[in-house]
Amino acid sequence: MLQLEARAEASAFWRYASPVVALGITLALSALLFVALGKDPVRGLQIFLLEPWNGTRAITELALKSTALTLCALGLALCFRSNVWNIGAEGQFLAGGIAAGGLAMWLTMQKTGISNWAFFPLATLAGALGGAIWASITAALKDRFNANEILVSLMLVYVANLLLSYLVFGPWKDPKGFNFPQTVTFDMAIPRLLSGFRVHWGAVVAVVAVVMMWVFMSRTFKGYQLQVGGQAAAASRYAGFSARSTLWTCLLTSGAFAGIAGAYEVTGPIGQLTPFVSVGYGFTAIIVAFVGRLHPVGCVAASVLLSTFLIGGQLAQSRIGLPAALTGLFQGILLFSLLACDTLINHRIRLKAKP
Amino acid sequence: MNEIALLIAATLSSGTPLALAGLGLLINEKVGVVNLGAEGMMLIAAVVGFAAAFHSGSPTVAFAAAAAAGALSAGLFGALVIWLNTNQYATGLAVSLFGGGFSAFVGVEYIGKTLEGRSMHSVPLLGDLPFVGPALFQQHPMVYLTMLFALAIGLFFNRTRTGLVLRSVGENPESAHALGYPVRWLRLLCVMAGGALCGLGGAYISVVYAPLWAEGMIAGRGWIALALTVFATWRAARLLLGAYLFGGVTMLQLALQGAGVDVPSQFMSMLPYLATIVVLVLISSNPQWIRLNMPSSLGKPFYPGR
């Protein structure tokens with residue numbers, strides 16, 4: 001009979017092997033699903049995994065999506081490591097998008113003619129502020145009233161969605177937009193990385209953010225304090241590390257990063273505010289953070305993988321007529337498999353004879 | 001007068017799925033397991049229930065299928081958190097994300113479909129009473145069943161021996177284990193029962209309340225149900241009242257709009273979510289109150305023989 005036995009020490013091998021095995025399980029199940037749906041599994045997986053990598057345009061689109069996911073996931077990784085369960089990155093993403101979109105709209109209406117390069121830092125700042133302010137609601141209610149951050153941050157996702165919807169259907173609607181729920185098209189955009197492709201300088205910001213976050217997490221005392229709080233709350237209290245400071249640092253940081261991601265999405269590829277500025281980046285980023293082992297560099301790799309899934313889902317819809325929702329299904333299976341495989345980090349499977 | 005009766009009726013109806021899911025989560029949490037997957041389980045059950053109703057034409061079959069779907073998805077969650085000791089929060093989130101994806105995927109072919117033969121329901125005799133009849137006694141049977149569930153669950157946990165054993169599993173699994181109770185199996189059983197109730201809640205929305213399938217139609221009710229268990233300090237009767245209160249908040253927006261109050265509809269739609277936050281703040285600001293009522297092992301893994 002198979003039995004799980006606790007390991008004396010966490011296995012470093014399985015910490016990194018687990019996502020690979022989980023990906024293998026996900027792909028195997030996906031292939032089965034394709035067969036069940038009467039599609040050729042080889043062709044299905046090819047469209048899902050390889051097509052998103054086919055050509056320069058495809059790769060720049062991957063980089064675009066990975067930028068948004070990485071930025072959101074970086075903050076979440078910090079939160080989850082510190083045992084702060086912020087699952088409202090989607091709301092913070094939208095809040096950042098609203099802030100930067102509002103700014104861009106105002107600058108457009110004022111006919112300022114601001115250059116893309118001058119607008120770039122402004123959009124970044126607006127997004128960071130919007131996201132951080134939105135996250136600070138969760139932090140304040142947890143800090144002052146002990147209200148559960150999971151539920152509060154999640155409720156605020158719905159509120160942010162409705163707020164965006166109110167703005168684009170109401171006061172921010174483009175008067176010349178034939179009554180479509182959208183703002184004016186912005187005159188400026190954050191600068192593009194390559195002309196002719198939608199990928200923008202935000203990708204560089206994301207890479208810088210990864211390095212900064214890695215330094216913060218593994219090379220600063222503050223970063224260490226946060227993680228002690230996450231792994232051993234009692235030890236952290238005994239050492240006099242402030243749980244309040246952890247809460248605020250994590251939420252403000254992750255809110256700001258998610259907000260920047262939202263700002264770039266709105267003022268980059270989209271170029272206006274609409275009710276559909278997010279394709280669920282904030283939620284997908286939760287999976288990214290776990291698959292990326294809550295490590296900044298891992299988050300980049302996981303973002304690329306999950307972006308492949310996102311684009312693969314769209315391709316599966318246009319090429320072989322499967323619903324784009326396939327992506328969500330695969331994401332869910334991936335996270336499930338990952339959590340199951342993670343058991344092997346702290347446990348080993350032993351074959352035990354029946355007594 | 002008539003409007004008020006209709007408002008009360010609508011409140012009961014919109015509170016019912018919240019109550020069903022909340023009661024399911026209450027059973028989970030009483031044995032120490034917190035399942036953040038409620039939203040996902042409700043979505044899965046909603047689409048399964050709708051599909052079953054669409055193909056069989058029978059609401060009973062729909063509810064049975066939805067309960068089974070809820071129990072199965074909860075079973076998967078349970079197997080992971082109870083035997084593999086995965087993090088309960090992360091695994092619950094996985095259920096929610098998976099449920100969103102699965103239901104959207106399966107639901108594509110049911111978008112825009114309608115269920116035929118919506119029947120009117122009325123309790124014999126009582127349903128014909130003026131005012132009281134339309135207000136209280138013309139509901140789908142599931143509404144009354146939910147009230148019975150609340151009563152039964154409350155009595156079960158507080159007045160029966162088995163209920164006491166289950167509470168001990170939630171309060172102190174090590175002691176329950178030492179006394180020889182199969183802690184893991186009992187937890188799994190309760191998790192699956194909770195999933196089945198969440199499933200009924202999901203199906204109520206897609207088969208009775210809406211009745212249609214739309215992607216993401218649970219719209220946060222699973223999460224609100226989670227907040228309800230805290231609000232109710234893990235008591236079934238209080239949870240039922242809380243669910244109706246939230247149902248009332250949902251209906252309030254319609255009533256206010258009907259009365260010509262000029263507030264943008266989006267702000268009205270925010271009400272249930274804002275109310276959830278307010279309620280959480282009010283109830284959590286007294287940590288003692290939570291600590292006294294919360295099952296002590298809530299969210300913590302249990303390793304037998306350690």
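We did not get these values from a lab; they are worked out from the coordinates using the rules stated. Keep in mind it's a predicted model, so treat the numbers as computed, not measured. Counting neighbours? That spans all protein chains shown, and the Cβs are built from the backbone with ideal geometry, glycine included.
What is the sum of charges, Lys and Arg at +1 and Asp and Glu at -1, for the other residues whose Cβ falls under 12 Å from the Cβ of B:LEU186?
Net charge in that neighbourhood comes out at +4.
Within 10 Å of each Cβ in B:108-115, how many Cβ atoms from other chains are there, averaged over the peptide?
Mean inter-chain Cβ contacts per residue within 10 Å come to 1.
Quick one: check the C-alpha center-to-center distance for segment A:303-355 versus segment B:187-218, whole angstrom.
Going from one Cα centre to the other spans 24 Å.
Any idea what the dipole of segment B:1-137 comes to, in debye rounded to 20, about its Cα centre with Lys/Arg Cβ at +1 and Asp/Glu Cβ at -1?
So the dipole magnitude of segment B:1-137 works out to roughly 180 debye.
So which helices of chain A fit the span-like rule, where a helix is a whole DSSP H run, its Cα atoms reach 30 Å or more along the axis, and its mean Kyte-Doolittle is at least 1.6?
TM-like helix candidates: A:12-36.
Show me the helices of chain B, taken as full DSSP H stretches, that run 20 Å or more along their long axis by Cα and average 1.6 or above in Kyte-Doolittle hydropathy.
Going by DSSP H runs, the hits are B:265-284.
What fraction of the Cα pairs in segment A:295-337, stated in percent, has a spacing above 15 angstrom?
46 percent
When you have a sec, figure out the Kirkwood radius of the protein assembly as shown from all distinct Cα pair distances and drop it here in Å to one decimal?
Result for the protein assembly as shown stands at 25.8 Å.
If the only charges are +1 at each Lys and Arg Cβ and -1 at each Asp and Glu Cβ, what is the size of the charge dipole of the protein assembly as shown around the Cα centre, to the nearest 20 debye?
1580 debye
With a sphere of radius 14 Å drawn around the Cβ of A:ALA233, what net charge do the other residues whose Cβ falls strictly inside it have (Lys, Arg +1; Asp, Glu -1)?
Residues close to A:ALA233 contribute a combined charge of +4.
Below 17 Å, Cα to Cα, which aspartates and glutamates can A:LYS352 reach? Residues fewer than 8 away in the same chain don't count.
A:GLU5
What whole-number value in cubic angstrom gives the convex hull volume per residue for the C-alpha atoms of segment A:198-355?
179 Å³
Hey, what's the Cα Rg ratio for segment B:1-118 versus the globular rule of thumb, 2.2 N^0.38 Å?
1.21
Evaluate the charge dipole of chain A about its Cα centre and quote only its size in Debye, nearest 20, assuming +1 on the Cβ of each Lys and Arg and -1 on the Cβ of each Asp and Glu.
600 debye
What FRET efficiency, computed as 1/(1 + (r/R0)^6) with R0 = 25 Å and r the Cβ-Cβ distance, is obtained for A:LEU32 and B:SER58, rounded to the nearest 0.05?
Between A:LEU32 and B:SER58 the formula returns 0.20.
For every other residue with a beta carbon closer than 14 angstrom to the beta carbon of A:ALA58, add +1 if it is Lys or Arg and -1 if Asp or Glu, then tell me the sum.
Residues close to A:ALA58 contribute a combined charge of +2.
Each label point is 7 Å from the Cα along the Cα-to-Cβ direction; what then is the distance between the points at A:VAL215 and A:SER318, in nm?
4.0 nm
Let me know the Kirkwood hydrodynamic radius for segment B:157-219, please, with Cα pairs as the basis and the value in Å to one decimal.
It is 13.8 Å.
How many times 2.2 N^0.38 Å is the alpha carbon radius of gyration of chain B?
1.00
Could you tell me, in Å, what Rg and Dmax come out for the Cα atoms of segment A:66-291?
When restricted to Cα atoms, segment A:66-291 yields Rg and Dmax of 17.8, 62 Å.
For the pair A:ARG57 and B:ASN158, how long in nm is the line joining their label points, each one 7 Å along Cα→Cβ?
Here the answer is 6.6 nm between the modelled labels.
Diagonalise the Cα gyration tensor of segment A:135-237 and give the resulting equivalent ellipsoid semi-axes, square root of 5 times each eigenvalue, largest first, whole Å.
They are 37, 26, 8 Å, listed largest first.
Determine the shielding of peptide B:220-229 by partner chains: average, over its residues, the number of Cβ atoms on other chains within 10 angstrom of each Cβ.
Per-residue shielding by partner chains comes out at 3.
Just the number: Rg to Rh for segment B:113-217, Cα atoms, Kirkwood Rh, two decimals.
When Rh is taken as the Kirkwood radius, the ratio is 1.14.
Which percent of the Cα-Cα distances in segment A:1-61 go past 17 Å?
Summing the P(r) tail past 17 Å for segment A:1-61 gives 62 percent.
Over segment A:58-140, with a single point scatterer placed on each C-alpha, what log10 of the ratio I(q)/I(0) does the Debye formula yield at q = 0.15, 0.21, 0.22 1/Å?
-0.65, -1.03, -1.07
Please list B:160-173, A:90-103, B:122-135 highest first by mean number of surrounding beta-carbon atoms within 10 Å per residue.
Highest mean packing first, the order is A:90-103, B:160-173, B:122-135.
Determine, for A:PHE186, B:PHE156, the number of other Cβ atoms within 10 Å of each Cβ, and report the residues in order from fewest to most.
Fewest to most other Cβ atoms nearby, the residues stand as B:PHE156, A:PHE186.
Over the Cα atoms of segment A:142-191, what radius of gyration and what Dmax do you get, in Å?
16.3, 47
Averaged over peptide A:282-291, how many Cβ atoms belonging to another chain are found within 10 Å of each residue's Cβ?
Shielding by partners across A:282-291 averages 2.
How much FRET efficiency would the formula 1/(1 + (r/R0)^6) give for A:TYR238 and B:TYR303, where r is the Cβ-Cβ distance and R0 is 22 Å, rounded to 0.05?
So the FRET efficiency works out to roughly 0.35.
Identify the trypsin sites (Lys or Arg not before Pro) of segment A:127-217 meeting these criteria: DSSP loop state and at most 13 other C-beta atoms within 10 Å of the C-beta.
The qualifying sites are A:LYS176.
Under 26 Å between alpha carbons, and skipping anything fewer than 8 positions from A:LYS142 in its own chain: which lysines qualify?
A:LYS222, B:LYS30, B:LYS300
Over all directions, average the projected area of the Cα convex hull of segment A:1-106 and note it in nm².
Across all orientations, segment A:1-106 yields a mean hull projection of 12.3 nm².
Straight distance only, please: which aspartates and glutamates reach the Cα of B:LYS113 with their own Cα at less than 14 Å, same-chain residues fewer than 8 apart left out?
Excluding near neighbours in sequence, the set is B:GLU215.
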